[in-house]
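The structure appears below as structure tokens.
The values are calculated or read from the model by the stated rules, or taken from the named source; none is laboratory data. None of the values given here were measured: they were computed from a predicted structure. Quick reminder, even Gly has a Cβ in these numbers, built from the backbone with ideal geometry, and neighbours come from all protein chains shown. Surface accessibility is based on the protein's heavy atoms, side chains included, excluding ligands, DNA and RNA. Shrake-Rupley method; radii C 1.70, N 1.55, O 1.52, S 1.80 Å.
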Amino acid sequence: MTVPATTMATSTLQIEFLYLDLDTCTRCRATDATLLEAIDRTHPALEAAGVAVSVTKTLVASEAQARALGFVSSPTIRINGVDIAGELVESACDSCSESCACNGGVDCRDWVWHGERSQEPPLGLIVEAIMRHAGGTDPGSAIPSPPGAGGVPANLRQYFAAAAADTLQAADCCSVEEQAGCCDPADKAACCGEGVAAASCGCQA
């Protein structure tokens, strides 16, 4: 989405929000809500300065996508390509670990602002970052990608591998034992459509 300035915009802030899960991850959901509030709070000042805001939200769904985006921690907010956190600090994320059945193996971002560490980004941190970038005074200290595995951390690789395995498992709705007798062979075409082998699962077309 783009939040334009009503006066003639002289510049545009490109804000990226990258995340693993907006359905169950409490940190991603809180970051999304706080980012929107920060944009709303700063809009009058940005408008007066002729600065427009463009926001892109990206669900990072695979290791390959994470590598291409330089995604090293969830959630991430970048302004004009710079990670606003300034440093990479993480802790175990129960909601993401549960969603991928990773047994506590997924770490998500913690936010450090004025010496305080929290699992949800402080509104002031995002507001400050927006205003620094709008004024052209941000130091631009991007977080470097970790070494190895094309820059994708081990805990994210574990998350994506578990998510991919869940997708494959969901495609097989019946166990091996159930597949043999889920419906009569003569009924498989009617159940699943033409071209389904009599010995295959009757629930899968």
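Here the gap between Ala30 and Arg132, fully extended at 0.36 nm per residue and compared with their Cα-Cα distance, gives a gain of 34.5 nm.
Within the shell defined by Cβ-Cβ distances under 15 Å, the residues around Asp40 carry a net charge of -2, with Lys and Arg each +1 and Asp and Glu each -1. Once the Cα-Cα distance is subtracted from the 0.36 nm per residue extended length, the Thr56 to Glu120 segment shows a gain of 21.1 nm. Take the range 1-123 with all the other protein chains still there, run a 1.4 Å probe, and you get 46 Å² of accessible area per residue. Figure legend: label point modelled 7 angstrom from the Cα of Leu22 along Cα→Cβ; residues of the range 63-77 with amide N under 15 Å from it are 75-77.
Taken over the C-alpha atoms, the range 68-108 has Rg and Dmax values of 11.9, 35 angstrom.
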